[in-house]
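Trainee: So that we are looking at the same thing, I have put the structure below in structure tokens.
The values are calculated or read from the model by the stated rules, or taken from the named source; none is laboratory data. Quantities reported herein were computed from a predicted structural model and do not represent experimental measurements. Positions of Cβ are backbone-derived with ideal geometry, glycine not excepted, and every protein chain shown enters the neighbour counts. Ligands, DNA and RNA are excluded from the accessible area calculation, which covers all protein heavy atoms including side chains. Shrake-Rupley method; radii C 1.70, N 1.55, O 1.52, S 1.80 Å.
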Amino acid sequence: MVHRQLSFDLYQDLGTPSSPEISAATENLSKSTGAESLGAIFTRPEVVDFILDLAGYTEDKALHKKRLLEPSFGAGDFLVPIVKRLLSAWREVEGTLDDLTNAIYAVELHRETYEKTHAIVLDFLQQEGFSAKTANALLKCWLLQGDFLLVPLKGEFDFVIGNPPYVRQEMIPIPLLTEYRSRYQTMYDRADLYIPFIERSLSHLAPMGTLGFICADRWIKNRYGGPLRNFVFEQFYLKIYVDMASTSAFQSEVSAYPGITIISREAPGATRIAHCRDISRATLGVLVEAIQARTLSKESGTVRELAQVMNGAEPWLLGSSDQMALIRRLEKQFPKLEEVGCKVGIGVATGADKVFIGDYEALDVELDRKLPLVMTKDIISGEVKWRGQGVINPFLESGSLVNLLDYPRLGRYLNTQREVIASRHCAKKNPVNWYRTIDRITPSLASKPKLLIPDIKGESHIVFEEGKLYPHHNLYYVISNHWDLRALQAVLLSTITRLFVATYSTKMRGGFLRFQAQYLRRIRIPYWSDVPEMLRTELADAAIKRDIRLCNCAVLKLYGVSQEELSALGGNGD
């Protein structure tokens, strides 16, 4: 793997900006009482010790000669065990007090949390035999109240450990968000706050230093994580990834799946990957030993080792090696779905469904100002069973909004609901076009045959719609002027498609996958002209019968899947 030089100075540190707006926003956040704005998710003690062990912050090392950074210490879930380990290692060598002063640097934005944790650590140090004066002097060196993304950081750190805050952009004050975007190249698209936390932490990692974080796993595969993945790829080594999706790693329920990443600043190598399902101390202790073993046991399926998990900004491929080999082969041999004349899209989002959507017959607007709407509930059975819903269409086929004076019934209906419609973000942004739906409606789409795909499903759920209905925003659709849609339906129902989606999609609770456009577009498929006539018929017949076994048999032929590759899919083709 060739590492290119980054185009910016990793160690550039501008310090806290003097802008009154930014200072005020930071101060307000420091006093916030809302858990959502703080992004505070507390980590279980056994998981904390697990991460510290994986990162190598262990008592058998001269920890007092190392520097550790914790970017958001919160209630001290990591900080207190870190101090315990530091003191134990320090006492083992009978070090001096001066040895401890630079060993820890921990930051916390929220003032009340900072003060509470300061008191906890102060009490702990006094219990360990330090005088109040000495303990306070150490904490003055160790702890800082401020915004980690803005405060000055001096030098490099041998360890960066912790659980960065999970805060959506909507919760970040505009002045701060603007400042973050100007400082951090990974603050891309709708990136959550933990993204720049990881960037800055890695930027201050010393050569051979190690970062150990537990946080939401979405960034390793989704769109907004691309710049951060590329940042890691450029100069760092993903040593270990532990999937914690099946565990309760935090002290409260969270919607996002957590993962543990151990990243170091050293020459890259193979990545050790584990899936953790039990967080008892005994199990985690065994797992640490397995992950850190000099050579992996062939008999143990607990830990796997994969090369080339990272590839620039591309999603990390963390599946089994034989499955990844199949994916790589298909990606090399076949073009992407949209390169063979298929188009992937998503249905209409209105921003006010209660106004724009209703019983088709009862919607009191001109006939050409409404379209029959297909929703997720209409396709649960695997076939379309329309329940009679419709959507109001304020657009002409050209894409411009209609003049309400030309449509008196539409104008009257919308004006009775104007307060609701005009309160939407898209309406406030452009008051003249207050009655538009969030997404443009293209009426001709309703008349096109299409495949409908719900966003979240455990298995592929691909439904053929003959060309009478317009899709709702919870449905993705695929149309094509080249591929026969019934044959394409068989491909999308197959285990090959599920492998593609499972490889690139983020997981949801219950093992569900996101069948989103960004993942569907990664599916590889031959040109229709390259598909033999007999196989075309076989594919279409299997889809019409909705027989997944027959779909798989035909699709395996389509891709030329070998018996060895078939075993990677977990079946024998029957």
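Trainee: Please give the helix 79-92 orientation as an angle from the longest Cα principal axis of the chain, in degrees from 0 to 90, rounded to the nearest 10.
Mentor: 40
Trainee: A follow-up question, please. Less than 12 Å Cβ to Cβ from residue 273, Lys/Arg counted +1 and Asp/Glu -1: what total charge do the surrounding residues give?
Mentor: +1
Trainee: To test your reading of the geometry: what angle, between 0 and 90 degrees and rounded to tens, separates the Cα axis of helix 281-292 from the longest principal axis of the chain?
Mentor: In the chain, helix 281-292 runs at an angle near 90 degrees to the longest axis.
Trainee: Leaving ligands, DNA and RNA out of it, work out the accessible area of residue 524 with a 1.4 Å probe and give it in Å² to the nearest 10.
Mentor: 40
Trainee: Under 22 Å Cα-Cα from residue 370, which lysines qualify once same-chain neighbours fewer than 8 residues away are excluded?
Mentor: Of all the lysines, those that pass the test against residue 370 - Cα under 22 Å, at least 8 places apart if same chain - are 354, 385, 448, 450, 468.
Trainee: Please give me, ordered by residue number, the GluC sites (Glu not before Pro) of the range 377-451 that lie in loop per DSSP and have at most 11 other Cβ atoms within 10 Å.
Mentor: Listed in order of number, the matching sites are 383, 397.
Trainee: How many Å² of accessible area per residue for the chain, probe 1.4 Å?
Mentor: The answer is 45 Å² per residue.
Trainee: Right, another one. If you take the charge dipole of the chain about its Cα centre, with +1 on Lys and Arg Cβ and -1 on Asp and Glu Cβ, which of 113, 427, 518 is farthest toward its positive end?
Mentor: Towards the positive end, the residue furthest out is 427.
Trainee: With +1 on the Cβ of every Lys and Arg and -1 on the Cβ of every Asp and Glu, and nothing else charged, how large is the dipole of the range 320-414 about its Cα centre, in debye rounded to the nearest 20? Walk me through the numbers before you get to the answer.
Mentor: Working: 13 positive and 14 negative charges, 59 e Å.
Charge dipole of the range 320-414: 280 debye, to the nearest 20.
Trainee: Just how large is the dipole of the chain about the Cα centre, in debye to the nearest 20, putting +1 at every Lys and Arg Cβ and -1 at every Asp and Glu Cβ?
Mentor: Values: 68 positive and 68 negative charges, 204 e Å.
Charge dipole, the chain, about its Cα centre: 980 debye, nearest 20.
Trainee: Here's a follow-up. Using only Cα atoms, find the angle between the long axis of helix 548-559 and the longest principal axis of the chain, and express it within 0 to 90 degrees, rounded to the nearest 10.
Mentor: So the inclination is approximately 80 degrees.
Trainee: I would also like to ask the following. Which GluC sites (Glu not before Pro) in the range 458-561 pass both tests, a DSSP loop state and at most 15 other beta-carbon atoms within 10 Å? List each step's numbers first, then the result.
Mentor: Details: sites: 459, 465, 466, 533, 538; in loops: 459, 466.
Of the GluC sites (Glu not before Pro), the ones in loops of the range 458-561 whose Cβ has at most 15 other Cβ atoms within 10 Å are 459, 466.
Trainee: With Rg and Dmax of the Cα atoms in Å defined as stated, name the option among (i) 27.5, 88; (ii) 35.4, 121; (iii) 23.3, 77 computed from the structure displayed.
Mentor: Label of the calculated value: (i).
Trainee: Given a Förster radius of 25 Å and the C-beta distance between residue 381 and residue 549 as r, what FRET efficiency does 1/(1 + (r/R0)^6) yield to the nearest 0.05?
Mentor: Between residue 381 and residue 549 the formula returns 0.85.
Trainee: Using DSSP to define loop residues, name the chymotrypsin sites (Phe, Trp or Tyr not before Pro) in the range 518-574 whose beta-carbon has at most 15 other beta-carbon atoms within 10 Å.
Mentor: Answer by residue number: 527.
Trainee: Tell me the carbon and sulfur percent of the accessible area for the range 48-193, rounded to whole percent, probe radius 1.4 Å.
Mentor: Values: 3130 of 6220 Å².
Heavy-atom surface of the range 48-193 belonging to carbon and sulfur, 1.4 Å probe: 50 percent.
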